[in-house]
1. Tell me the label-point distance for the pair E143, D121, using the 7 Å Cα-to-Cβ offset, in nm and rounded to one decimal.
2. Which whole-angstrom value gives the distance between the alpha carbon centres of the stretch 143-161 and the stretch 121-137?
3. At a probe size of 1.4 Å, how large is the accessible area of K101, to the nearest 10 Å²?
4. Provide the net charge surrounding P161, with neighbours chosen by a C-beta distance below 14 Å and charges set as Lys +1, Arg +1, Asp -1, Glu -1.
5. Which order do you get for I182, I219, I117 if you rank them by accessible area with a 1.4 Å probe, largest at the top?
6. Take E215 and K57, extend 7 Å from each Cα along the Cα→Cβ direction, and tell me the distance between the two endpoints in nm.
7. Of the chymotrypsin sites (Phe, Trp or Tyr not before Pro) in the stretch 147-210, which ones lie in a loop per DSSP and count no more than 13 other C-beta atoms within 10 Å?
8. Counting only other residues whose beta carbon sits under 12 Å from that of T86, what net charge do I get with K and R as +1, D and E as -1?
Amino acid sequence: MKLKHVVSRSRCESCIFCLVFFFLVNFSFPSLLNAAKPQGEADHGPVPAGLLKWPEKGSEYAIIVDKSSQKVLVYRRDKPFEPVKTFNCSTGENEGPKSIKGDRQTPEGIYFFTHTIDKKDLAPIYGTLAIPLNYPNFVDKREGRGGYGIWFHGTNKPLKPHDTNGCITLENGDIDELASYITLNDTPALITSTMEMADPEKVKEEAQAFTDLIERWRIAWEEKDI
């Protein structure tokens with residue numbers, strides 16, 4: 001399976017932008033991730049709260065891992081109201097976000113796929129394909145989280161929920177299909193304990209507020225205005 005590989009300044013900036021949003025949401029504005037569903041009928045219904053800001057350039061797809069339902073959901077930029085594809089998966093044996101090596105927990109946050117490992121280079125337990133993530137990212141490192149080697153990969157045994165050492169495991173046919181939606185270093189993987197849904201108008205308004213905040217921060221940084 002060949003994945004598109006993107007390494008450019010614009011993509012790197014998109015990655016940093018998404019991670020800054022994740023940091024702000026989790027550590028400064030946690031209420032947004034718990035946004036309530038709309039009181040009335042929205043035009044297309046609620047959207048995943050994790051899709052705060054979708055860069056105008058970059059990947060057409062975003063991948064969400066809902067650990068509570070053991071699902072991998074693929075969303076498309078022009079259709080954020082429902083997944084274009086849903087796969088069963090297995091995540092870490094233990095609940096909670098990964099913090100140290102060997103805790104058998106799956107990380108929670110926004111990550112990017114770094115490269116692929118084909119079947120010929122994999123041990124049989126990893127199935128037909130593995131796609132490593134950039135765990136730990138800079139937020140994890142800032143919070144002192146350790147461990148490494150978090151992959152999306154296949155399996156040659158029956159898929160069972162909460163049955164991995166921390167990786168996200170899919171059936172072989174599903175990991176091969178999932179790969180078709182991934183552009184390396186560009187398609188984000190949002191891993192969450194429970195996927196929250198939010199009113200799209202509320203997400204839009206608060207995302208704009210975050211955008212304005214980031215822009216003010218950027219200008220202040222450039223002008224060395226502490």
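1. In this crude label model, E143 to D121 measures out at 3.0 nm.
2. If we compute the Cα centre of each part, the gap is 8 Å.
3. We get 140 Å² for K101.
4. Numbers: positive: K67, K71, R104, K157, K160; negative: D66, E93, E95, D163, E171.
So the surrounding residues net to 0.
5. Values: I182 5, I219 65, I117 30 Å².
I get I219, I117, I182, largest accessible area first.
6. The answer from the label model is 1.7 nm.
7. Working: sites: Y148, W151, F152, Y181, F210; in loops: Y148, Y181.
Here the sparse-neighbourhood loop sites are Y148.
8. Working: positive: K71, K85; negative: D66, E82, D174, E177.
Around T86, the charge tally is -2.
The values are calculated or read from the model by the stated rules, or taken from the named source; none is laboratory data. What you see is a predicted model, and the numbers here were worked out from it, not measured in a lab. We place every Cβ from the backbone using ideal geometry, glycine too, and count neighbours over all the protein chains shown. These area figures cover heavy atoms from the full protein model, side chains too; ligands, DNA and RNA do not enter into them. Shrake-Rupley method; radii C 1.70, N 1.55, O 1.52, S 1.80 Å.
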